[in-house]
Structure formats: structure tokens, C-alpha cells
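First up is the structure itself, then whatever we jot down about it.
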């Protein structure tokens with residue numbers, strides 16, 4: 001039987017000193033303002049790149065490459081404007 005290690009488990013002070021379980025002063029994970037939106041934009045860019053590669057690889061799906069390219073450019077432009085707005 002195995003048990004999960006949590007920050008409340010006995011004997012973890014020595015592990016925490018080794019920064020294996022990092023704690024933040026606010027009790028939560030480290031977050032960056034706007035990080036969720038930028039993560040979504042990066043994820044969409046990767047998705048569009050995959051569609052572009054599949055579309056150009058399989059000639060019958062050339063339309064998929066064109067759609068992926070249009071969405072890639074639109075997402076990149078949106079991300080650029082969103083990134084400037086967060087500064």
C-alpha cells in the first residue's frame with residue numbers, strides 16, 4: 001500500500017528544504033497575469049501548425065492547410081495585440 005506525499009506529511013521538512021516541494025508565500029501555484037490566455041493562444045498556434053502540415057502532406061487535404069494558415073495568422077495577430085495590451 002502506498003500513500004501520496006503531501007506538504008502536511010510528516011518528515012517532509014527536509015524534502016522541502018531541498019526545494020522538491022516548492023511552496024509559494026500565497027499558498028497557491030505560481031501564476032502570471034494573462035498566462036492562461038497566452039497559453040491558449042500558443043496552444044492554438046500549435047494546433048494550426050499541425051493542421052497546416054497535415055494539409056500540405058496529404059494533397060487531398062490542401063484546403064485544411066489553407067484554413068490552418070488563415071487561423072494561424074489570425075491567432076498570431078490577436079496574440080500580438082493581446083500581449084501588448086497586458087503590458
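Take 75, 57 and order them by how many other Cβ atoms sit within 10 Å, fewest up front.
On the way: 75 18, 57 11.
Going from sparsest to densest Cβ surroundings: 57, 75.
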Please give the residues of the stretch 59-87, grouped as numeric ranges, whose backbone N is less than 13 Å from a label point set 7 Å along the Cα-to-Cβ vector of residue 45. 72-84
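Using square roots of five times the C-alpha gyration tensor eigenvalues, list the equivalent-ellipsoid semi-axes of the stretch 32-86 in whole Å, biggest first. Before the final figure, lay out each step's value.
Numbers: eigenvalues 141, 21, 5 Å².
They are 27, 10, 5 Å, listed from largest to smallest.
Read-outs throughout are calculated quantities, based only on the coordinates presented, and are distinct from any laboratory measurement. Predicted model, so just to flag it, every value in this text is computed and none were measured. Heads up, the Cβs are rebuilt from the backbone with ideal geometry, glycines too, and the neighbour counts pull from every protein chain shown.
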